[in-house]
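Reviewing the structure listed below.
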Amino acid sequence: MTIEVANPAPVPAAGRSARVREIATARKALRGALMPILHAVQEDLGYVDQTDLPVIADVLNLSVAEVHGVVTFYRDFRREPAGRTTVRICQAEACRSVGAEELAEHAKRRTGVGFGETTYDGRVTVDEVFCLGNCALGPAVQVGDKLHGRVTPSRLDAILGEAR
Ligand code: FES
């Protein structure tokens with residue numbers, strides 16, 4: 001089985017600022033523009049880099065500290081590149097009641113990283129998510145765009161092993 005990889009390819013730093021400015025300028029008239037801009041940067045470039053903050057602050061006429069405060073407050077925003085594959089383990093109630101916490105512990109032992117972290121070889125980022133809409137088939141795990149249900153530790157091992 002092939003694992004679909006959804007993480008965007010890294011963009012060279014030289015072009016990054018120009019792209020961030022383009023994204024921010026296109027959305028600056030939106031109400032509460034900072035959040036949609038940050039989401040768009042992450043979607044387009046994979047994460048919100050420290051060097052993006054002054055560019056966004058300049059476009060929105062905010063201080064860098066204000067932008068930094070929002071990026072660090074919300075767990076949604078990655079501040080470093082994700083691994084080539086992101087494995088998200090549901091930690092919402094229905095999945096927890098059927099072993100999602102144990103599955104997360106297993107993932108941690110198997111990969112050596114916790115939620116929001118990436119393996120040393122840049123292969124896999126493990127993260128938590130709160131409900132994938134697959135509650136009847138918990139514990140649920142998402143790999144790229146693909147959803148897996150009733151994931152046991154051994155199935156998770158197979159998923160992690162295939163993530164290259
Ligand atoms: S609670 Fe895990 S998919 Fe809904």
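Roughly how many nanometres apart are two label points built 7 Å out from the Cα toward the Cβ at D76 and M35?
0.6 nm
Among bridges DSSP assigns within the chain, what percent are antiparallel (round to 5)?
Counting DSSP beta bridges with both partners in the chain, the antiparallel share is about 55 percent.
Give me the extension gain from Y47 to D157: residue separation times 0.36 nm, minus the current Cα-Cα distance, reported in nm with one decimal.
The Y47-D157 span can extend by a further 37.0 nm.
Using a ≥ b ≥ c from the Cα gyration tensor of segment 57-127 (square roots of the eigenvalues), is it rounded, prolate or oblate, where a/c under 1.5 gives rounded and otherwise the larger of a/b and b/c decides, a/b for prolate?
Note, shape of segment 57-127 comes out oblate.
For each cysteine in the chain, check whether another cysteine's C-beta sits under 4.7 Å from its C-beta; list those where none does.
C131, C135
Lys and Arg at +1, Asp and Glu at -1: add these up for the other residues within a Cβ distance under 15 Å of R109 and post the number.
Charge balance near R109 sits at -3.
Which order do Y120, Y47, Y74 take by accessible area at a 1.4 Å probe, largest first?
On the way: Y120 220, Y47 35, Y74 90 Å².
Largest to smallest exposure gives the sequence Y120, Y74, Y47.
Just to confirm a number: summing +1 for Lys and Arg and -1 for Asp and Glu over residues other than E93 whose beta-carbon lies under 14 angstrom from that of E93, what do you get? Each step should come with its number before you reach the end.
Values: positive: R96; negative: E101, E128.
Summing Lys/Arg as +1 and Asp/Glu as -1 gives -1.
The values are calculated or read from the model by the stated rules, or taken from the named source; none is laboratory data. These numbers were taken from a predicted model, which means no experiment stands behind them. Methodologically, a virtual Cβ is constructed for each residue, glycine included, from the backbone with ideal geometry; neighbour enumeration extends over all protein chains shown. Surface areas here come from the heavy atoms of the whole protein model, side chains and all, with no ligands, DNA or RNA. Shrake-Rupley method; radii C 1.70, N 1.55, O 1.52, S 1.80 Å.
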